[in-house]
Amino acid sequence: MIRIHGLTKRYGDVAVVRDVSFDVAAGEAVALWGPNGAGKSTIMRCLLGSTRFEGTIELGGLDVRRHGKSTKRLVGYVPQHLAFYDELDVAETVALSCRLRRSPIERGRELLAEVGLADHWDKRVGALSGGMQQRLGIALALVADPAILLLDEPTSSLDVAARDSVLGVFERLRDDRRAVLLTSHHLEEVGVLADRVLAMDAGEVRLEAGPAELAAQLGLRAWLHVVVDRGELSRAIEVLDTAGFLVRKNTNGLVVEVGAGNKAEALGSLHRAGVEVIDVDVWR
């Protein structure tokens, strides 16, 4: 459904994407993962035909440069930074999008219900929370039932609760017929949404792996901030130290260094020892 071969994008003499090639099949979700500046969003712009590039991009078997209008009809796009007419209400925004994509308004209503916004039909878009606006953006991207869905850092500006809500929407809307390509720098996000991950750095694909194997292959580390009862601090430190984890106290609990793929192992050690975990956060 998506075919990219030898993709290179230059700004002057600087190549920000270098000889990138990969495919995304119908029913598959692939993530471009990496730090800011890795070239992920630039690849999205190339797919949308909004910037010139070297190499070949085909969407649904059509060349993006030669069949730009036709390929755009195949794509639903959720950008990193959504732009709405804040003075319009949700109903007007959905109606406008349906007219532009030649879809019935009933399709828009159905999608609003699926993303949990059915009760906000009359609310002004500017009054929606960031998470609600992101869910609205997802609904609008799907009004024409596109064969390809492009998600550019879809939860980067959201707090943890809103991110979890939006990820839940994506999980429910996964379609066996649709090819999905997303960009992200959150391991948890690609773990939920992607079947396959391409790790990028400095414009190149450095590694291809499944979400579960990515952290281990990259040797990534994370830190758990674990809160236990003050009376259990010394025992918790002893348990984690015995299990081979680097651990130290801070003012509110413990900081435990873990591999990005074995966070549950540290918590499991505490559970087996009967140490109750009151709260936990992941730091990167």
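The values are calculated or read from the model by the stated rules, or taken from the named source; none is laboratory data. In this text, all values refer to a predicted model and were calculated from it rather than measured experimentally. Every residue, glycine as well, gets a Cβ built from its backbone with ideal geometry; the counts of neighbours run over all protein chains shown. Heads up: the accessible areas ignore ligands, DNA and RNA and are worked out on the full protein's heavy atoms, side chains in. Shrake-Rupley method; radii C 1.70, N 1.55, O 1.52, S 1.80 Å.
Convex hull of alpha carbon positions in the range 39-169: directionally averaged projected area 8.3 nm².
The range 174-252 and the range 122-165 have their alpha-carbon centroids 24 Å apart. Once both labels are positioned 7 Å from their Cα atoms along Cα-to-Cβ, the gap between LEU233 and GLU257 label points is 2.1 nm.
Computed from backbone phi, the HN-Hα couplings of the range 162-175 come to 5, 4, 4, 5, 5, 4, x, 4, 4, 4, 5, 8, 4, 10 Hz, rounded to whole numbers (Karplus: 6.51 cos²θ - 1.76 cosθ + 1.60, θ = phi - 60°; Gly and Pro given as x).
Rounded to whole numbers, the Karplus 3J(HN,Hα) couplings from phi for the range 136-143 are 4, x, 5, 4, 5, 5, 9, 4 Hz, using 6.51 cos²θ - 1.76 cosθ + 1.60 with θ = phi - 60°, and x at Gly and Pro.
Our compactness index for the range 176-256, the C-alpha radius of gyration over the empirical 2.2 N^0.38 Å, is 1.53.
In what order, largest first, do TYR11, TYR77, TYR85 sit by accessible area if the probe radius is 1.4 Å?
TYR85, TYR11, TYR77
Within the chain, what's the longest run with no GluC sites (Glu not before Pro) in a DSSP loop and at most 14 other beta-carbon atoms within 10 Å? Give the range, please. Longest run free of exposed loop sites: 88-275. Quick check on the range 1-103: take the gyration tensor over C-alpha atoms, sort the square-rooted eigenvalues as a ≥ b ≥ c, and tell me if it's rounded (a/c under 1.5), prolate or oblate. The shape class here is prolate.
Compute the normalised compactness of the range 115-172: alpha-carbon radius of gyration over 2.2 N^0.38 Å, N being the residue count. Walk me through the numbers on the way to the answer.
Working: Rg = 11.4 Å, N = 58, 2.2 N^0.38 = 10.3 Å.
That works out to 1.11 for the range 115-172.
Applying D = kT/(6 pi eta Rh) to the range 1-53, where Rh is the Kirkwood radius over alpha-carbon pairs, T corresponds to 25 °C and eta to 0.890 mPa s, the Stokes-Einstein value obtained is 207 µm²/s. In the range 210-284, the inverse of the mean reciprocal separation of distinct Cα atoms equals 12.5 Å; this is its Kirkwood hydrodynamic radius. Among the trypsin sites (Lys or Arg not before Pro) found in the range 12-98, those both in a DSSP coil and sparsely packed, with 16 or fewer other Cβ atoms within 10 Å of their Cβ, are ARG52, ARG65, ARG66. Over 30 Å apart at the Cα level, from the set LYS69/LYS123; LYS40/LYS249; LYS40/LYS72, are LYS69/LYS123; LYS40/LYS249.
Give the value in nm², to one decimal: projected area of the alpha carbon convex hull of the range 171-222, averaged over all directions.
Answer in nm², one decimal: 4.2.
The apolar share of the surface of the range 118-215, taken as the fraction of accessible area on carbon and sulfur atoms (1.4 Å probe, ligands and nucleic acids excluded), comes to 46 percent.
In a DSSP loop and with at most 16 other Cβ atoms within 10 Å, the trypsin sites (Lys or Arg not before Pro) in the range 160-193 are ARG174, ARG177.
Using only Cα positions of the chain, each an equal point scatterer, no hydration layer, compute I(q)/I(0) via Debye at q = 0.07 Å⁻¹ and quote the log10 values to two decimals. Summing over Cα pairs of the chain leads to -0.33.
How high is the relative contact order of the range 159-224? Use alpha-carbon pairs under 8 Å, at least six apart in sequence, and give a whole percent.
Reported as a whole number, the value is 22 percent.
According to the square roots a ≥ b ≥ c of the eigenvalues of the Cα gyration tensor, what is the shape class of the range 140-194, taking rounded for a/c under 1.5, prolate for a/b larger than b/c otherwise, and oblate for the remainder? Because a/c hits 1.5 or more and a/b exceeds b/c, the range 140-194 counts as prolate.
Under the criterion of Cα pairs below 8 Å and six or more residues apart, the relative contact order for the range 214-276 equals 43 percent.
Looking at the range 127-284, I'd like the Rg to Rh ratio, where Rg is from alpha-carbon atoms and Rh is Kirkwood's inverse mean 1/r.
Numbers: Rg = 18.9 Å, Rh = 17.9 Å.
Rg divided by Rh gives 1.05.
Just want the answer: with Cβ charges of +1 for Lys and Arg and -1 for Asp and Glu, which residue in ALA139, GLY210, LEU158 is farthest toward the dipole's positive end in the range 116-218? With unit charges placed on the Cβ atoms, the residue in question is ALA139.
Could you work out the helix-only [θ] at 222 nm for the chain, with each DSSP H run of four or more residues adding -39,500 (n - 2.57) and the total divided by the number of residues, to the nearest 500 deg cm²/dmol? It would help to have the intermediate numbers written out before the result.
Details: 10 runs with 96 residues, N = 284.
It lands at -10000 deg cm²/dmol.
Mean separation of Cα pairs under 8 Å and 6+ residues apart, divided by the residue count of the chain: what relative contact order is that in percent?
Working: 535 pairs, mean separation 58.9, N = 284.
The normalised contact order for the chain reaches 21 percent.
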